[in-house]
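Here it is: the structure, laid out below.
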Amino acid sequence: MSVHKKVEAKRVTVMTLRAMKEAGEKIAMLTAYDYSMARILDAGGADVLLVGDSASNVMAGHETTLPITLDQMIYHASSVVRAVERALVVVDLPFGTYQGDSKMALKSAIRIMKESGGHAVKLEGGEEVKESVSRILSAGIPVMGHLGLTPQSIYKFGTYTVRAKQEAEARRLVKDAKLLEELGCFGLVLEKIPADLAKKVSEAIDIPTIGIGGGADCDGQVLVTHDLLGITKDFHPRFLRRYAELFDVIKGATEQYVDDVKSGDFPSDKEQY
């Protein structure tokens, strides 16, 4: 039985997350892309559901997050929103919908909020996207930031390796974190950075930090649900803890169904009208 401080909330909001950080309660965030899975995750107590552009990888089979479109993100997000009763739903702004053009960024964010019913948006970057962040926030739309390894910039980095190991990049990351807080972001994802740096950032800002490969001192954690459940069988990053092996479970159930159909065992007399 887990013992921790708990902030009671019938519906999680951005202010709930702030209160959780202040109370020392860790924030549990998972990805969701469809109604059925989102309903289970919400019932399981996830505080935040991220409709991630990682849908490009796990749902569509692309190598990167870059191909997914705004229309596709809205489709996934609207499915998740319809399933959720408690969790905060945060929706990624996909690549090409906010970089370099703050007016386009606002239009993209408004479309997500109006057409999907999502509760907030997330985008990647620091200083380079500050105008987009400010313009979105000026419309009353909550924004979550994302620093460290930013998958939409994979072709700039070349690999998915740990970021901010060098002092100069680490200093820039801390500066960007403080900037995003100053602009008004309600939270910040820290992806694949050294644990001591994530701790430093978490202590330097008042908004919650959510780690994915950022160590235990972040204010919360996020994992891709399909990784956590063992559906993506061949993905084994150091930061991942698997809580199930559903690839094998689903494969086994499928094999049994196929055998039962081909043998004539299914349907039985009890399974027909």
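The values are calculated or read from the model by the stated rules, or taken from the named source; none is laboratory data. Computed from a prediction, not measured in an experiment: that's the story for all the values here. When we count neighbours, we look across all protein chains shown, and the Cβ atoms used for this are built from the backbone with ideal geometry, even at glycine.
Tally time: how many residues in segment 98-107 are surrounded by fewer than 24 Cβ atoms within 10 Å (Cβ to Cβ) and either part of a helix (DSSP H, G or I) or touching a strand residue (DSSP E or B) at 6+ places or on another chain (Cβ under 7 Å) (or both)? Steps first, please.
Of segment 98-107, the ones surrounded by fewer than 24 Cβ atoms within 10 Å (Cβ to Cβ) are 99-104, 106-107.
Okay, now just the ones that are also either part of a helix (DSSP H, G or I) or touching a strand residue (DSSP E or B) at 6+ places or on another chain (Cβ under 7 Å) (or both), so 102-104, 106-107.
Final tally of qualifying residues: 5.
Could you run through segment 108-127 and say how many residues are over 22 Å from Leu49 (Cβ atoms), assigned to a helix (DSSP H, G or I) and in contact with a strand residue (DSSP E or B) (Cβ under 7 Å, 6 or more places away or on another chain)? Explain how you work it out, then say what you get.
Residues of segment 108-127 over 22 Å from Leu49 (Cβ atoms): 125-127.
When the remaining residues are screened for being assigned to a helix (DSSP H, G or I), the result is 127.
Checking which are in contact with a strand residue (DSSP E or B) (Cβ under 7 Å, 6 or more places away or on another chain) leaves us with none.
Within segment 108-127, residues that are over 22 Å from Leu49 (Cβ atoms), assigned to a helix (DSSP H, G or I) and in contact with a strand residue (DSSP E or B) (Cβ under 7 Å, 6 or more places away or on another chain) number 0.
Out of the residues in segment 84-97 meeting the condition of being part of a loop (DSSP other than H, G, I, E, B) and touching an Asp or Glu at 6+ places or on another chain (Cβ under 9 Å), tell me which one is surrounded by the fewest Cβ atoms within 10 Å (Cβ to Cβ).
Taking segment 84-97 and keeping what is part of a loop (DSSP other than H, G, I, E, B), we get 84-87, 93-97.
Narrowing the set further to residues that are touching an Asp or Glu at 6+ places or on another chain (Cβ under 9 Å) leaves 84-87, 93-95.
Numbers: Val84: 23, Glu85: 9, Arg86: 15, Ala87: 27, Leu93: 26, Pro94: 25, Phe95: 22.
Out of the qualifying residues, it is Glu85.
Can you pull out the residues in segment 1-57 that are among the polar types (S, T, N, Q) and within 26 Å of Ser116 (Cα to Cα)? Reasoning before the result, please.
Step one: list which residues in segment 1-57 are among the polar types (S, T, N, Q), which gives 2, 13, 16, 31, 36, 54, 56-57.
Thr13, Thr16, Thr31, Ser36, Ser54, Ser56, Asn57 - these are the residues of segment 1-57 that are among the polar types (S, T, N, Q) and within 26 Å of Ser116 (Cα to Cα).
Could you tell me whether Leu188 is touching a His at 6+ places or on another chain (Cβ under 9 Å) and without any contact (Cβ under 8 Å) to a residue 60 or more places away in the chain? Spell out the reasoning first.
Values: touching a His at 6+ places or on another chain (Cβ under 9 Å): yes; without any contact (Cβ under 8 Å) to a residue 60 or more places away in the chain: yes.
Yes.
Among the listed residues Lys130, Lys156, identify the single one that is of a type outside the set (Val, Ile, Thr), assigned to a helix (DSSP H, G or I), modelled with pLDDT under 95 and over 20 Å from Gly220 (Cβ atoms).
Details: Lys130 fails: modelled with pLDDT under 95.
None of the other options fit; the residue is Lys156.
Working carefully through the options Lys114, Lys122, Lys107, find the one that is within 18 Å of Tyr33 (Cα to Cα) and without any contact (Cβ under 8 Å) to a residue 12 or more places away in the chain.
On the way: Lys122 fails: without any contact (Cβ under 8 Å) to a residue 12 or more places away in the chain; Lys107 fails: within 18 Å of Tyr33 (Cα to Cα).
Exactly one residue qualifies, and that residue is Lys114.
Determine whether Lys156 is surrounded by fewer than 21 Cβ atoms within 10 Å (Cβ to Cβ), assigned by TED's automatic domain parsing to the domain that holds Cys218 and touching a residue at least 24 places away in the same chain (Cβ under 8 Å). Steps first, answer last, please.
Details: surrounded by fewer than 21 Cβ atoms within 10 Å (Cβ to Cβ): yes; assigned by TED's automatic domain parsing to the domain that holds Cys218: yes; touching a residue at least 24 places away in the same chain (Cβ under 8 Å): no.
It is false that Lys156 is surrounded by fewer than 21 Cβ atoms within 10 Å (Cβ to Cβ), assigned by TED's automatic domain parsing to the domain that holds Cys218 and touching a residue at least 24 places away in the same chain (Cβ under 8 Å).
Among the residues in segment 69-83, are any at pLDDT 95 or above, part of a loop (DSSP other than H, G, I, E, B) and more than 27 Å from Ala43 (Cβ to Cβ)?
At the first step, the residues of segment 69-83 found to be at pLDDT 95 or above are 69-83.
So of that shortlist, the ones also part of a loop (DSSP other than H, G, I, E, B) come out as 69.
Restricting the remaining residues to those that are more than 27 Å from Ala43 (Cβ to Cβ) gives 69.
Within segment 69-83, one or more residues are at pLDDT 95 or above, part of a loop (DSSP other than H, G, I, E, B) and more than 27 Å from Ala43 (Cβ to Cβ).
So which residues in segment 203-221 are surrounded by 23 or more Cβ atoms within 10 Å (Cβ to Cβ) and of a type in the set (S, T, N, Q)?
Once the filter is applied, which keeps residues that are surrounded by 23 or more Cβ atoms within 10 Å (Cβ to Cβ) and of a type in the set (S, T, N, Q), segment 203-221 yields only Thr209.
Then there is this: What residue, among those in segment 226-273 that are in a loop (DSSP other than H, G, I, E, B) and of a type in the set (S, T, N, Q), is surrounded by the most Cβ atoms within 10 Å (Cβ to Cβ)? Outline the logic, then answer.
Initial filter on segment 226-273 (in a loop (DSSP other than H, G, I, E, B)): 229-245, 264-268, 272-273.
The next check asks that each one be of a type in the set (S, T, N, Q); those that pass are 232, 268, 272.
Numbers: Thr232: 18, Ser268: 9, Gln272: 7.
Checking each candidate, the answer is Thr232.
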